Amino acid sequence: MPLAALIAAQDQTDTGDGLRATLPLAGRTLVEYQVRLAIEAGAGHAIILVERVPAPLAQAVERLRQQGFRIEFARSVADATDRFHPDERILLIDDGAIAAQSAVNALAVQHGDALLVLPDMQEHAVFERIDAAQRWAGFALFGKSVLEATVQMLGDWDLSSTLLRRLVQSHATRIDALNPDGDRLVPPPLLGIGPAAIGALEAGLLRRSDTGDGNWVELYLHRLTANPLVAPLIARNVDQRHVAWAGVVIAWAATLIAAFNLFWVPVLLLPVATAVASAARRMARIWGGESSALADMARYGAALAVLILLGRQLAISGGWGWWLVTAIAPAALVGLAGLGPIVNAIMPLAPPRWIASADALIWSAPPLAVVVGWPWMLAALAAYAALSFLERFRAAWKGARNCDK
């Protein structure tokens, strides 16, 4: 059966506009995280039940809509009820409630009415008590008929509490929010009653920015240079797309300087541009977005332009052979991009971390230029790229032969 979400945004806090839903969370809002929990659990759309819509809440919903999510506001419980299809299952998320995605998923696949519950312990005292043994974790699942029947008897009572009592009396299935699958513990639910209450969640979101994947540049250099940029940029609500294009601007500024045959400044600016671009990618991971492929292409185009300008300068003094050396690095990178899907299909293993990439070549250039000078730097970069291509070609050849056996 189709699933929809009903998110309550009624209670107040002592900060900001008074809504828990708009509490700041890693550059976004708490309600955006709640909506993503519901969407990941299978909800086709979400209704936010709120009496008034302050600007931060409207902006949050607009961001979600721009990403393709179907979000609507309902000013009353009756209005919210009318927005659900009779066949839809409704995932209720109480005001400010957060739970592990696996717990929400386990709740969403139940066929009957169900609740996420917690043991009645002191650390869960902020959650509403069900009985002497358990508390409600703020998530429930039921049909539209249950909501309609509750609305008819609601009066001045709180919707979430009334629904909870109705579900408890009907013996709804109880899912352990701490161990929903019965085989492993998950992070406990949170209730966003203020910024301090969701601090751990925000810290967890920020940790998403550093996956530990990628080649040696992403894993080591960008961890040192890009990671420290993420938290301040997120705290200032800077759009990761703007950060990505800032990297493009820096890269093309380097190209402009290289056009005057001044290569030391560009060779130092290009690593800065890659670090800024890496910060944008890390910011995108926090909320499940995608980095800008167009911005990456524009930035790599600037690096290629600097490479061509350097090759031209070396060819003027050293002969046309430097054009061939210049062409090796970009040709090898194109070859690596083409071999990547082939090798992954044959041998689904991560490539060695030392394999060349455009960013790896850019970061290798400054120390090589200092140690061996411009001509040998260019030759070393070409050799690095060519060796990486040969290693991936060997892996593809070996994998293909093993498949034939």
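Bear in mind that the values in this text are calculations on the coordinates, not laboratory data. Keep in mind the model is a prediction, meaning the values are calculated, not measured. All Cβ positions, glycine included, derive from the backbone under ideal geometry; neighbour counts span all protein chains shown.
What the table shows:
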{"item": "Gain in span if fully extended, Gln67 to Trp374, counting 0.36 nm per residue against the direct Cα distance", "result": "106.0 nm"}
{"item": "Protection proxy ranking of 174-185, 18-29, 44-55 - average other beta-carbon atoms within 10 Å, highest first", "result": "18-29, 44-55, 174-185"}
{"item": "Summed residue charge, Cβ within 11 Å of Ala226's Cβ, Lys/Arg positive, Asp/Glu negative", "result": "0"}
{"item": "Overall form of region 3-203 per C-alpha gyration tensor (a/c, 1.5; a/b vs b/c)", "result": "rounded"}
{"item": "Mean Cβ neighbour count within 10 Å, used as a protection proxy, ranking 146-152, 101-107 highest first", "result": "101-107, 146-152"}
{"item": "Sequence-separation-based contact order of the chain, relative, with Cα cut under 8 Å and 6+ spacing, percent", "result": "13 percent"}
{"item": "Net +/- balance of residues flanking Ala246 in space, Cβ distance below 11 Å, scoring K and R +1, D and E -1", "result": "+1"}
{"item": "Taking the convex hull of Cα positions in the chain, its mean projected area over all directions (nm²)", "result": "25.0 nm²"}
{"item": "Centre separation in Å (Cα based) which lies between region 301-369 and region 168-243", "result": "35 Å"}
{"item": "Surrounding net charge for Glu128, when Lys and Arg each add one and Asp and Glu each subtract one, Cβ distance under 9 Å", "result": "+1"}
{"item": "Helix-only mean residue ellipticity at 222 nm for the chain, each DSSP H run of n ≥ 4 adding -39500 (n - 2.57), per residue, nearest 500", "result": "-18000 deg cm²/dmol"}
{"item": "Cβ crowding within 10 Å averaged over residues, with 1-7, 367-373, 275-281 ranked highest first", "result": "275-281, 1-7, 367-373"}
{"item": "Relative contact order computed over region 3-203 (Cα-Cα under 8 Å; 6+ residues apart), in percent", "result": "25 percent"}
{"item": "Evaluated at q = 0.13, 0.20, 0.24 Å⁻¹: base-10 log I(q)/I(0), Debye formula over Cα of region 1-88", "result": "-0.39, -0.92, -1.28"}
{"item": "Anisotropy class of region 210-404 from Cα gyration tensor, a/c 1.5 cut", "result": "oblate"}
{"item": "Span-rule helices in the chain, defined as complete DSSP H runs reaching 18 Å or more along the axis (Cα) with Kyte mean at least -0.5", "result": "240-258, 264-286, 293-318, 321-346, 358-404"}
